[in-house]
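The values are calculated or read from the model by the stated rules, or taken from the named source; none is laboratory data. Because the structure is a prediction, the values reported are computed rather than measured. As a convention, Cβ positions derive from the backbone with ideal geometry for all residues, glycine included, and neighbour counts pool all protein chains shown. Protein only, heavy atoms only, side chains kept; ligands, DNA and RNA dropped before computing areas. Shrake-Rupley method; radii C 1.70, N 1.55, O 1.52, S 1.80 Å.
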Amino acid sequence: MAKKSKTLPIYVLNGPNLNLLGRREPDIYGRTTLAEIEQMTVQRADTHGLSVVFRQSNHEGELIDWIQEARTKSTGVIINGGAYSHTSLALHDALRALDHPVVEVHLSNPFAREDFRHHSRLSPVAKGVIVGFGAQSYVLAIDAIASLIKGSAG
Ligand code: DQA
């Protein structure tokens, strides 16, 4: 078993409609539920000796409150902003104010979809972006943020 560190948790934040995963357009988003993705991230983080706080909201303001909370209570943020990724200057600003690494994640590949999904307001303030691997995108994001956290700690 991986040794537990005293490092603060990774915040994994999920935006609107992601609570419907498993039932929502499964041909695009897959059949894995958000609860199953949470388990996957917790298990993967554990292999790095890290923990996860996993949340979902349909409300932009609540997501912003959590990003602000992450300033002192997390070591990094993984965010799937859902449709807010394409629209929200407020999420952009909140992430920009964070000193920790940010990884943007999407289940689908927005660049292979409608034009209005081709631009993300979050990407410019993310260290990196992982898209298109379904639920596995989150696992890859855990690996990515773990190496960023270890890099900044070392
Ligand atoms: C999504 C992609 C967004 O364009 C969409 O609005 C979502 C899900 C994804 O994970 O693929 O809600 O963020």
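Scan the stretch 23-56 for residues that are open to solvent by less than 30 Å² (accessible area, probe 1.4 Å) and within 13 Å of the ligand (Cβ to nearest atom) and the total you get is 4. Of Leu63, Leu8, Leu91, all but one fail to be over 12 Å from the mean Cα position of the chain (by Cα) and either surrounded by fewer than 17 Cβ atoms within 10 Å (Cβ to Cβ) or not in a loop (DSSP other than H, G, I, E, B) (or both); the exception is Leu91. Yes or no: the stretch 137-145 includes at least one residue that is near the ligand (Cβ under 10 Å from one of its atoms), open to solvent by less than 30 Å² (accessible area, probe 1.4 Å) and of a type in the set (Phe, Trp, Tyr). Yes, that holds for at least one residue.
Put simply, of Ile79, Ile10 the only residue that is modelled with pLDDT of 95 or more and under 14 Å from Ala135 (Cα atoms) is Ile79.
Yes or no, residue by residue, for (1) within 16 Å of the ligand (Cβ to nearest atom); (2) not aliphatic (A, V, I, L, M):
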| position | (1), (2) |
| --- | --- |
| Ala83 | yes, no |
| Ala94 | no, no |
| Pro124 | no, yes |
| Gly134 | yes, yes |
| Leu148 | no, no |
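Scanning the stretch 75-88 for residues that are hydrophobic (A, V, I, L, M, F, W, C) and surrounded by fewer than 20 Cβ atoms within 10 Å (Cβ to Cβ) yields one hit, Ala83.
Number of residues in the stretch 94-103 that are open to solvent by 50 Å² or more (accessible area, probe 1.4 Å) and part of a helix (DSSP H, G or I) equals 1. When Gln43 is tested against the conditions (1) touching a Ser or Thr at 6+ places or on another chain (Cβ under 6 Å); (2) free of Cβ contacts under 8 Å to residues at least 12 places away in the same chain, the lone failure is (1). Determine whether the stretch 104-120 contains at least one residue that is open to solvent by 40 Å² or more (accessible area, probe 1.4 Å), modelled with pLDDT of 95 or more and more than 16 Å from the ligand (Cβ to nearest atom). No.
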